[in-house]
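Participant: This is the structure I want to talk about, given as structure tokens.
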Ligand SMILES: [Zn+2]
């Protein structure tokens, strides 16, 4: 069985770090991530550059990433204007965030949840006017699906009803997102079971943060109910501007190790992933980056799901190697 690890570090990670990674470093990092076997990378956001100067170079980054053979390039856009900019840059797969919590929606993208749903409808209508080869896939991540830092618990019925509305508006897939680490494995099982029952093929993947250390537990819960696409970021970068001190996304390195050890193929090479991590570490010196596997590497006897056995310690990136 194959699992798609969708790397979101260049978007979700860098977006929440105030320092700006130079465009040249972003491009080298993305190329290294793709070379490590990651087949899908969310490379940036088409948002107001005054609000998020970290993402001002997204068009350039998208164009470079599109030239990488075999890579599926995703970009985030919150509204029609962002989607139009993404398509103009060549993006053909676009993620739009829609918050289940109305208060979060207003704080995050400046409009109510109802308005965000309407915007998805506007995007779908505009898409229909394009020549077929330019029409982007529209993939929704429902933010605050597992709870919200502003309005606390979010009723599960509301999340599922929102997912159905978005699919009816014409979204190609609708996944569930926990940017604040409120989710627990029991809740993950319930919500993804219901999502898959309601949406079938249009049920999307899982986006978990590790804020309370439950990221990988939540992945296992989602796997058990059939989810096969998981967002992760290298080094677990990407906190949340509304949760000071919060750690970020689940760590790509740890996720890949866990899945492969469980016998689930990812196609990702842990040694090459460490090479990409070195670029990240060098480009943002002093920025906290997380993960367990990069400290210790693979254990004696580790095999990838396809049976290959790398040397013990593969994937390790010790601090002195970064500085050398
Ligand atoms: Zn996130």
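The values are calculated or read from the model by the stated rules, or taken from the named source; none is laboratory data. Here the structure is a predicted model, which is why all the values come from computation and not from measurement. Cβ atoms come from the backbone with ideal geometry, glycine included; neighbour counts cover every protein chain shown.
Participant: Against the condition modelled with pLDDT of 95 or more and closer than 21 Å to residue 123 by Cβ, how does residue 166 come out, does it pass?
Facilitator: Spelling it out, residue 166 is indeed modelled with pLDDT of 95 or more and closer than 21 Å to residue 123 by Cβ.
Participant: So, one more: Are there any pairs with C-beta distances below 7 angstrom linking a residue in segment 1-21 that is more than 24 Å from residue 264 (Cβ to Cβ) to a residue that is within 12 Å of the ligand (Cβ to nearest atom) and in a helix (DSSP H, G or I), with the two at least 6 apart or on different chains, and if so which?
Facilitator: Taking only residues 6 or more apart or on different chains, the pairs are 21/14.
Participant: Only residues that are within 16 Å of the ligand (Cβ to nearest atom) and in contact with a helix residue (DSSP H, G or I) (Cβ under 7 Å, 6 or more places away or on another chain): list them for segment 192-213, please.
Facilitator: 206, 208, 209, 210
Participant: If you don't mind, another one. Filter the helices (runs of 4 or more DSSP H) completely within segment 248-324 down to those with at least 3 residues that are closer than 20 Å to residue 13 by Cβ.
Facilitator: Correct list: 252-261, 270-283, 293-296.
Participant: Scan segment 267-302 for residues that are over 18 Å from residue 210 (Cβ atoms) and within 21 Å of the chain's Cα centre (by Cα) and report the count.
Facilitator: 13
Participant: Okay, moving on. Determine whether residue 141 is under 19 Å from residue 45 (Cβ atoms), surrounded by 16 or more Cβ atoms within 10 Å (Cβ to Cβ) and either at pLDDT 95 or above or away from the ligand (no atom under 16 Å from the Cβ) (or both).
Facilitator: On the way: under 19 Å from residue 45 (Cβ atoms): yes; surrounded by 16 or more Cβ atoms within 10 Å (Cβ to Cβ): yes; either at pLDDT 95 or above or away from the ligand (no atom under 16 Å from the Cβ) (or both): yes.
Considered against the rule, which asks whether it is under 19 Å from residue 45 (Cβ atoms), surrounded by 16 or more Cβ atoms within 10 Å (Cβ to Cβ) and either at pLDDT 95 or above or away from the ligand (no atom under 16 Å from the Cβ) (or both), residue 141 comes out as yes.
Participant: Please count how many residues of segment 16-44 are touching a helix residue (DSSP H, G or I) at 6+ places or on another chain (Cβ under 9 Å), within 16 Å of the ligand (Cβ to nearest atom) and not in a loop (DSSP other than H, G, I, E, B).
Facilitator: Qualifying residue count for the region: 4.
Participant: Here is a follow-up. Taking segment 214-239 as the search range and keeping residues that are out of contact with any helix residue (DSSP H, G or I) (no Cβ under 7 Å at 6 or more places or on another chain) and under 22 Å from residue 34 (Cα atoms), which one is farthest from the ligand (Cβ to nearest atom)?
Facilitator: Per the stated criteria, the residue is 228.
Participant: Is there a residue being farther than 25 Å from residue 262 by Cα and more than 16 Å from the ligand (Cβ to nearest atom) anywhere in segment 2-15? Lay out the reasoning, then the answer.
Facilitator: To start, the set of residues in segment 2-15 that are farther than 25 Å from residue 262 by Cα comprises 10-15.
Next, from what is left, pick out any that are more than 16 Å from the ligand (Cβ to nearest atom): none.
Among the residues of segment 2-15, not one is farther than 25 Å from residue 262 by Cα and more than 16 Å from the ligand (Cβ to nearest atom), which makes the answer no.
Participant: Give the residues of segment 167-191 that are in a helix (DSSP H, G or I) and within 16 Å of the ligand (Cβ to nearest atom), sorted by residue number.
Facilitator: Here is the first cut: in segment 167-191, the ones in a helix (DSSP H, G or I) are 167-169, 185-191.
Listed by number, the list holds a single entry, 188.
Participant: Moving on to the next point. Given the options 222, 232, name the one that is more than 23 Å from residue 117 (Cα to Cα), in contact with a strand residue (DSSP E or B) (Cβ under 7 Å, 6 or more places away or on another chain) and part of a helix (DSSP H, G or I).
Facilitator: Details: 232 fails: part of a helix (DSSP H, G or I).
Residue meeting the stated conditions: 222.
Participant: What single numbered condition from (1) free of Cβ contacts under 8 Å to residues at least 40 places away in the same chain; (2) more than 14 Å from the ligand (Cβ to nearest atom); (3) within 29 Å of residue 163 (Cα to Cα) fails to hold for residue 256?
Facilitator: Exception for residue 256: condition (1).
Participant: Being outside any loop (DSSP other than H, G, I, E, B) and either over 16 Å from the mean Cα position of the chain (by Cα) or more than 16 Å from the ligand (Cβ to nearest atom) (or both) narrows it down to one of 47, 62, so name that one.
Facilitator: On the way: 47 fails: outside any loop (DSSP other than H, G, I, E, B).
Within the list 47, 62, the selection yields 62.
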